[in-house]
1. If you scan segment 274-304, which residues turn out to be part of a strand (DSSP E or B) and within 20 Å of the chain's Cα centre (by Cα)?
2. Quick check: is even one residue across segment 88-103 farther than 28 Å from Ile266 by Cβ, surrounded by 23 or more Cβ atoms within 10 Å (Cβ to Cβ) and within 20 Å of the chain's Cα centre (by Cα)?
3. Quick check: anything in segment 305-318 in a helix (DSSP H, G or I), buried (at least 17 other Cβ atoms within 10 Å of the Cβ) and in contact with an Asp or Glu (Cβ under 8 Å, 6 or more places away or on another chain)?
4. Please go through (1) more than 20 Å from the chain's Cα centre (by Cα); (2) of a type outside the set (D, E, K, R); (3) within 18 Å of Ala240 (Cα to Cα) for Asn62 and return the number of the only condition it doesn't satisfy.
5. Can we say Arg244 is surrounded by fewer than 19 Cβ atoms within 10 Å (Cβ to Cβ), among the basic types (Lys, Arg) and in contact (Cβ under 8 Å) with a residue 40 or more places away in the chain?
6. Check Ile41 against each of (1) assigned to a helix (DSSP H, G or I); (2) out of contact with any helix residue (DSSP H, G or I) (no Cβ under 9 Å at 6 or more places or on another chain); (3) not small (Gly, Ala, Ser) and name the one condition it does not meet.
7. Only residues in segment 168-187 that are within 20 Å of Ala155 (Cβ to Cβ) count as the first member; pair them with residues that are of a type in the set (A, V, I, L, M, F, W, C) and exposed (fewer than 15 other Cβ atoms within 10 Å of the Cβ), Cβ under 9 angstrom, at least 6 apart or cross-chain, and list the lot.
8. Go through segment 148-167 and report how many residues are free of Cβ contacts under 8 Å to residues at least 60 places away in the same chain and either assigned to a strand (DSSP E or B) or buried (at least 22 other Cβ atoms within 10 Å of the Cβ) (or both).
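The values are calculated or read from the model by the stated rules, or taken from the named source; none is laboratory data. On a predicted model such as this, the values are computed, not experimentally measured, just so you know. Cβ placement follows ideal geometry from the backbone for every residue including glycine, while neighbour counts extend to all protein chains displayed.
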Amino acid sequence: MQATAHSRPMPPRPMHGGNRQWAASIAGAAPENILDFSASINPLGLPKSAIAAIQSHLSDLNHYPDPEYILLRQAIGKFHQLSPDWILAGNGVAELLTWVGRDLSELAATVLFTPAFTDYYRALKAFDCQIETYSLLSQDQNQQFYINSQLPNIANSHTKGILINNPHNPTGYLFSRDSLLPYLEQFALVVIDEAFMDFLSPETQQSLIDLVPLHPNLVILRSLTKFYSLPGLRLGYAIAHPERLARWQSWRDPWCVNSLAVAAGIAVLEDVTFQQQTWAWLDHAKPLLFDALSSLSGLTPLPNAANYLLVETEIAGSLLQRELLQNDKILIRDCLSFPELGDRYFRVAVRLENENQRLVEALSKVCSGLGSKI
């Protein structure tokens, strides 16, 4: 039996993490005093290279950005060893997902693994896409969840598309490169959202970017805002066949990416020091947080490859969220927007070691207090 929430009613829940204004209204605190574990952003903060680039390009605000974003596309192309013709910069992955949805709407249906990132539904429903869902989580005879990443035989798959995020959000499951290759022959359009792939060291990444020139039905989406702690600037990019990208460009508003985001994006892609610092931090901090959460009664984090953890909980995730906000000004991500997960789970980003310890101590206190009432 799960505990039920109490005290004053909460304002309408946001569909995404990172809403500090909403959290502040629950905690009775200023947004800047909220310790945010709900958005999976690099806690090392804005790279110095990005700050320097932004400061040196403030005068660019007097002018329109280059509508073709040639310098940014060249920088991304150099980073991935691709021609800039195969790259389209976007106002975050969210904007690019809109054009993914429009392309997928021309097909018979779109296949999703569930639980699925909520913005996929937004993009697909905007163009009345037909959606077919297949659960990534299955239960064994002991009612324990495990990852089942094998799609069944899908009728007429050659008339359909598939949209996958890798690593998967919210589970953090990493699809192997080999497991994704058959989809390129089975589906009319394959879209891989690799928004969190750069948190993996290069030797462990399972990206399909190098295959895009060989498969006109393959689209890769990448974010520069999570790894480089730039969510306020909104910057992502798509890698796909130039004809597809030209079509997307004709559909969207001009100047989707602002000049400061362009400058920061070019700078951080060359910031090897920051990249290595991030991989070293995550390699150290994540196992410590995983073990600490595992030691708490009633909590079971799922092993994964991402910079966040999905945690199964015996106490309602929404109740834990409220208690942590009101008592400790800590925001975790409830999973109510994922119908397949509901109140049985919550998600937390991996943050700095002292912040992770603060979370664990707060959860220990809340779980001990609430657990005795269940």
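1. Narrowing segment 274-304 to residues part of a strand (DSSP E or B): 299-301.
The answer is Pro301, and nothing else.
2. Yes, segment 88-103 contains a residue that is farther than 28 Å from Ile266 by Cβ, surrounded by 23 or more Cβ atoms within 10 Å (Cβ to Cβ) and within 20 Å of the chain's Cα centre (by Cα).
3. Within segment 305-318, one or more residues are in a helix (DSSP H, G or I), buried (at least 17 other Cβ atoms within 10 Å of the Cβ) and in contact with an Asp or Glu (Cβ under 8 Å, 6 or more places away or on another chain).
4. Asn62 satisfies every listed condition except (3).
5. The answer is no for Arg244.
6. Ile41 satisfies all of (1) assigned to a helix (DSSP H, G or I); (2) out of contact with any helix residue (DSSP H, G or I) (no Cβ under 9 Å at 6 or more places or on another chain); (3) not small (Gly, Ala, Ser) except (1).
7. As it stands, the answer is Leu184/Leu214, since those pairs meet every condition given.
8. 5
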